[in-house]
1. Only one of (1) buried (at least 16 other Cβ atoms within 10 Å of the Cβ); (2) more than 33 Å from the chain's Cα centre (by Cα) fails for B:Tyr239. Which number is that?
2. Kindly indicate whether any position in the stretch B:2-22 is at pLDDT below 85, more than 14 Å from chain A (Cβ to nearest Cβ) and farther than 30 Å from B:Asp254 by Cα.
3. Can you tell me which residue within the stretch A:85-107, out of those that are more than 12 Å from A:Ala158 (Cβ to Cβ), more than 7 Å from chain B (Cβ to nearest Cβ) and part of a helix (DSSP H, G or I), is modelled with the lowest pLDDT?
4. Any residue that is of a type in the set (Lys, Arg), more than 14 Å from chain A (Cβ to nearest Cβ), over 30 Å from B:Asp72 (Cβ atoms) and touching a helix residue (DSSP H, G or I) at 6+ places or on another chain (Cβ under 7 Å) - is there at least one of those in the stretch B:295-311?
5. Kindly list, by first and then second residue, each pair from a residue in the stretch B:440-467 that is under 15 Å from B:Leu758 (Cα atoms) to a residue that is β-branched (Val, Ile, Thr) and assigned to a helix (DSSP H, G or I), limited to pairs with Cβ atoms under 7 Å and residues at least 6 apart or on different chains.
6. Quickly run through the stretch A:183-222 and pick out the residues that are in a helix (DSSP H, G or I) and either in contact with a helix residue (DSSP H, G or I) (Cβ under 7 Å, 6 or more places away or on another chain) or hydrophobic (A, V, I, L, M, F, W, C) (or both).
7. Enumerate the pairs (first residue in the stretch A:47-76 and away from chain B (no Cβ under 14 Å); second residue anywhere and polar (S, T, N, Q) and not in a strand (DSSP E or B)) with beta-carbon separation below 7 Å, excluding pairs fewer than 6 apart on the same chain, so at least 6 apart or on different chains.
8. Yes or no: the stretch B:551-559 includes at least one residue that is closer than 17 Å to B:Asn659 by Cβ and modelled with pLDDT under 90.
Amino acid sequence: MIIAKGLAQTYMSGDRPLTVLKGIDLEIEAGGAVAILGPSGSGKTTLLGLLAGLDLPSAGYVVLDGQNLSELSEDERAELRADKVGFVFQTFQLIPTLTALENVLVPIELQQASVVNGGEMQRRASELLERVGLGDRTHHYPAQLSGGEQQRVGLARAFANRPKILMADEPTGNLDAETGHHVINLMVRLNREEGTTLVLVTHDVELASKAHRIIQLSAGRIVSDERLTPQ
Amino acid sequence: MSLRFTLAMARRESRTTRRRLLIYIIAITLGVAALVAINSFRANVTSAVSEQARQLLGADLQLGSRWPFAPDVEAVIDSLESAGAAVSRLTSFTSMALATRSGDARLVEVQAPSGDYPYYGELETEPPELWQTFRVARQTLVDPAVLIQLDAAIGDTLAIGQGRFVIAGTVAKMPGDIGLRSTIGLRVYIPAPYLEETGLLRFGSISYYQAYLRIADPAQVQSTVEARDSLFEANRVWYTTVEEYGEDLTEGLDQLGRFLGLVGLVALLLGGIGVASGVHVFVSEKLDTAAVLRCLGTRQRQTFAIYVLQAGLMGLAGAVLGVALGLAMQAVVPQVLRDFLPLDVPFSLEWGVMLAGLGIGLWVSLLFALLPLLRIKDVAPLRALRRDYETARRRRDPWRLATYTALAVTLLALTVWQAPQLVIGLAFAGAAAVGATMLGLTAFALMHLTRRFFPRRADFALRQGIANLFRPHNQTVAATLAIGSGVFLIAHLYVVQRNLLDQIAIETRPDRPNLVMFDIQLDQEKGVAALLEQRGAPVIQRTPIVPARLTRLGERSVEEILADTTGPRIPRWALLREYRHTYRDTLVSSEQLVGGVWFTEEGVGEREEALPRISIEEGIAEELKVGIGDRITWDIQGVPLETEIANIRRVDWARFEPNFFAVFEPGVLADAPQSLVVLTRVDDPVRRAEIQRDLVVGFPNIASIDITVIIAAIDAILSKVALAIRFMALFSIACGLVILIGAIATSRYQRTREAVLLKTLGARSRVIRRILATEYFALGTFAGLTGVGLAAIAGWVAVTFLFEMRFRLPGLPLLAFWLGTALLTTLIGLANSRDVVKRTPLAGMRDFAE
């Protein structure tokens, strides 16, 4: 599903170059759940961004579902994300001016290939919110929801466009332990039900242990790649 | 689906946008309103003039001359009359009018009508219906202001020259008169048959002879006069048809309207700055959302379009509101300008102007919004994961370059479109660009200096207040620019007006004459001198006046020069006007020699064979294209006199004393027919009035002007002009206040957060207030100092180079402007920040946690 070869990334920090990734090679099969583990500053979020086509690497390339991202334009990568990638963010990243339902609708409305009409889109979005336990909060704005509730809306949005790949960046980073636990269970369940490939970035070892495979990063390099039995 | 998504997102995202951007939309509203109001008024005036031109002229054709019409011209008038035209005559001249009961005298314009003029339009007398009936006896009709200034009443006797006329009533309305006219000059009407009785039409008097005709077939008027154009020109007769009158009037009022429109344009440009400022803050708040949308798969242009659409809709709303407000103001503009309007200007909707205002308002707001919106276009989707991620901006972003170019072209096009002439438009655009640049640079410099040199040991509240001006996403520069622009406009206007009035006030200095007497005949000189001596009025200056006409420049006659279409153009007025010369052996204080040698240095007696010498003023020398050594031939009351230019003078025409285009050397014109001008000074206004009365009684042909009355009249006129300009400048001030309020509102979150933190750390409300007051006072100081400083510089440029006067800086008033701006900014700022101070720390922290 995802192939990365010789991936490297360097940013300018002030007037000095900062190399965040130093030659990453990896392959992620379809249907799996992969956790990218590492301390703060190890490059895991940068790696996630490159795998999702949010940026282009300084060196190397990424093939996402058979398409070399370096050969695509910015808009073509956006199209690809709309069709195939779902996102869950650490800071939820809900659009504050949209209701819960409208937030979930965004990826559905963006899908170019979508042939569903307005009524079907609404049904899909409502159903997803039901599945995450927010069926009665569809018309609430993010400011009216708790952190956990916002992340559940984020989850519903992530699955709205039936993605092949789900990218989650520290999904429980801003939640308390109990809420985070609940959200993770929800995410894993949805992931299994929808059959997506999950790429999870975290610094939480316990959270990482829920995946089939743990890739450890340190100082921009893969230091270990371990396949596990899922919990 | 893509367009639907864009529209849906724009609509949803605008839920909170509308309220946030409302205050900046008001800035566009004010600018559009100013333009729509003044341009609609201009269009209304043009329509009114074309409908009322005939009524304003009062006739189909007007002929006029400084001398009685020559027989050839009278023959033309006779032929028109034979063909069915109605003819009226009007003779006018200036003279003293003395109210015999009160003893007050004033210089007035005497008009002696005959015939049925005005043939069109309204003429109102009080009592009514007097215009024809007052002529049957020795009666007079006067301006209402005459009764006030001469302390006279209906039934009193008015002495004009040797004539005595009973005041029968007043003329309340005359076709073509403007409200300011009585400020400029009083008018008195006497019956034409009694004109000779006054004894005032004599050598040296300045009189005008006019004929007004009603033509049976008005369509023939233009061809009639054009066929006789050379005859009229040869006899120095000017003519005005209804079309020409309407064109002249329209042009004059249109120029006034366009000038005021330029001031309104400044308000629109300030509104654009307000939009850019507001959208800048709006964009900063939306970057995260835009990054998320890009992450989720929205294309770059689509994301950009979502926010451009919102800005466009807000701009459209502002423009629509502006058009509505402009229509309301359109009804007010005629009231503001009523003293300058000779006609009624009915209100009518000008759809072209409204559509133009709508389009311009939308376009300008979009352009100004685009600059900050371009950050949305460039937002990186990675920002959704890493908030500190910023896309490296290309050095030459074509979109940014295109936007700046479009902005510059738009501003240039707007000023050229609005200006009376292309050159003025270009000059205004250039001046606006220079002014904006200097305002911005001054604001930056002030802020930089403040940041650098503000004492580190100053009180905490002061330091914190100053530091707040430089917080992230601050609007300090935009607010300084906007408020500073408004202050600059008002202060600059004040500086120029003050200098003009000060120049005039120079004439009231103790060493300057304040009473001018002219048309004194030579045989009256001794009598006048004795009268003045008796009244204790010293003769400060005695100047002979010799009227003359120019007949030849070098070898060429005036007629040859006028007929020559290939050579250098010499203005007709310079060739055909009546000149008034004098002769003396010294320069006077208003003159400065700039070329050649003065007469006395070579000695008159040494030049027996040479031509008489003259000194010529540099401006007229340039117009006539003559220089030192050139020859000019004059007609001095029928006697030709060839002269040679010996030197060139620069004259201060602003001085209230006799100034001359040509000064003859002594001994040449001593025996020529001449009159005298005498200047004196009398401090006591009552004695001045008595001298004027005695002159009228003893020498009815002599006119006298009390200069203090003239200065008061000029003051009144300048004040009315300034009022009109200030009315338009108010739009700019309002824009500046809107931007100030907006700038305060957008940083309210930060101020509240800071206040909560400080209170949590132990600061009292008093300290918070001092911090806020310091911040706003500093902001107002920057703006005031920027505006006032540049107003002083621009005022110096205008006074020195445009009006050619000595510049004086009105320091105290400018200081008042500066302090007033700072105080006003502080008051508005504190008023809008009341809740910031009141918020409890816990309530504030709860808000921020969410």
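1. Tallying (1) buried (at least 16 other Cβ atoms within 10 Å of the Cβ); (2) more than 33 Å from the chain's Cα centre (by Cα), B:Tyr239 fails exactly one: (2).
2. Yes, the stretch B:2-22 contains a residue that is at pLDDT below 85, more than 14 Å from chain A (Cβ to nearest Cβ) and farther than 30 Å from B:Asp254 by Cα.
3. Residue satisfying both the conditions and the ranking: A:Leu105.
4. No: zero hits.
5. Every condition considered, the pairs that remain are B:Ala461/B:Val767; B:Ala461/B:Ile771; B:Ala461/B:Thr774; B:Leu462/B:Thr774; B:Gln464/B:Ile771; B:Gly465/B:Ile771; B:Gly465/B:Thr774.
6. Those that are in a helix (DSSP H, G or I) and either in contact with a helix residue (DSSP H, G or I) (Cβ under 7 Å, 6 or more places away or on another chain) or hydrophobic (A, V, I, L, M, F, W, C) (or both): A:Val183, A:Ile184, A:Leu186, A:Met187, A:Val188, A:Leu190, A:Glu194, A:Val205, A:Leu207, A:Ala208.
7. Between residues of the stretch A:47-76 that are away from chain B (no Cβ under 14 Å) and residues that are polar (S, T, N, Q) and not in a strand (DSSP E or B), the close pairs are A:Tyr61/A:Ser70.
8. The answer is no, given that none of the residues of the stretch B:551-559 is closer than 17 Å to B:Asn659 by Cβ and modelled with pLDDT under 90.
The values are calculated or read from the model by the stated rules, or taken from the named source; none is laboratory data. The structure presented is a predicted model; accordingly, all values stated were derived computationally and were not measured. Backbone-built Cβ (ideal geometry, glycine too); neighbour counts: all protein chains shown.
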